[in-house]
Amino acid sequence: QEIVQVGIDSNGRPVESLIELWIGPDWTPMKVKAYTEDGMMRPIQSLIGTRNKAAAIDINNTGPGDFPLNAAAAYAGPAMVGQRADLLTANQGRYIEGGAVHSVNFDATVDKVQVLLYTDTRQLNAQVELLNGPNNFKQKYEVFTNNGLLNSLYVVFNTPGAGNVVRVTNLAPLEFPCKAYIASV
């Protein structure tokens, strides 16, 4: 199988983690730093592509030892893989050049938001944040991969309440644009 589903939560405490895709003993083509302010209300939910190779997913707690986390990884079921594929066909996506920022507001009726970032085989170095209020981020993902087509970033945000904004920042230089697909679930 090609896609692994990763889920990380806590008992309501903050979660800081590093998710790495390992192919073989010494190649890590994808790293995702993930943070959530409340691991129960807003768990970390992502899909990681394995490039159809024997791979391992490494999940590290990079936060203080006082903040334990619960983590799980398994091959994604057909429904989750289909949801990701449907996002690509449902809208045009947004082209984001290196260094650019793109934000999308959601109203209080939206319970979940899905985000897919990918490139055309170039490196993907980007940050996706869920904001609630001006520059008050509740959840954040920072991804680096050497091939944004084979290892695109797909995440799902829980968005309880009003005033939720998804902000995507392309951290790469101008030569490495990415495409963002953002929609409610």
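How many residues are assigned to a strand (DSSP E or B) and more than 12 Å from the chain's Cα centre (by Cα) when one looks only at segment 126-141? Final tally of qualifying residues: 4.
Just to be sure, is Phe144 in contact (Cβ under 8 Å) with a residue 12 or more places away in the chain and in a loop (DSSP other than H, G, I, E, B)?
On the way: in contact (Cβ under 8 Å) with a residue 12 or more places away in the chain: yes; in a loop (DSSP other than H, G, I, E, B): no.
Taking the combined requirement at face value, the residue does not satisfy it.
Among the residues making up segment 74-105, those that are of a type in the set (A, V, I, L, M, F, W, C) and either over 16 Å from Leu130 (Cα atoms) or at pLDDT below 95 (or both) are Ala74, Ala76, Ala79, Met80, Val81, Ala85, Leu87, Leu88, Ala90, Ile96, Ala100. Across segment 43-53, a minimum of one residue is classified as assigned to a loop (DSSP other than H, G, I, E, B) and crowded, with 17+ Cβ neighbours inside 10 Å.
The set of residues in segment 4-15 being surrounded by 18 or more Cβ atoms within 10 Å (Cβ to Cβ) and out of contact with any Asp or Glu (no Cβ under 9 Å at 6 or more places or on another chain) consists of Val4, Gln5, Val6, Ile8, Asp9.
Being over 12 Å from the mean Cα position of the chain (by Cα) and not in a strand (DSSP E or B) is the requirement here; does Ala183 meet it?
Criteria not met by Ala183.
Of the residues making up segment 81-123, those that are among the charged types (D, E, K, R), touching a residue at least 60 places away in the same chain (Cβ under 8 Å) and not in a loop (DSSP other than H, G, I, E, B) are Arg84, Arg94, Lys112. Only one of the listed residues (Asp38, Asp86) is open to solvent by 60 Å² or more (accessible area, probe 1.4 Å) and either over 18 Å from Asn164 (Cβ atoms) or out of contact with any Ser or Thr (no Cβ under 6 Å at 6 or more places or on another chain) (or both). That residue is Asp86.
For segment 118-145, residues that are open to solvent by 10 Å² or more (accessible area, probe 1.4 Å), touching a strand residue (DSSP E or B) at 6+ places or on another chain (Cβ under 8 Å) and of a type in the set (S, T, N, Q) total 4. Restricting segment 24-35 to residues that are open to solvent by less than 20 Å² (accessible area, probe 1.4 Å) and of a type outside the set (Gly, Ala, Ser) leaves a set whose member that is farthest from the chain's Cα centre (by Cα) is Pro29.
The values are calculated or read from the model by the stated rules, or taken from the named source; none is laboratory data. Note that this is a predicted model, so its numbers are computed, not measured. When we count neighbours, we look across all protein chains shown, and the Cβ atoms used for this are built from the backbone with ideal geometry, even at glycine. Please note that ligands, DNA and RNA were not included when accessible areas were found on the heavy atoms of the full protein model with its side chains. Shrake-Rupley method; radii C 1.70, N 1.55, O 1.52, S 1.80 Å.
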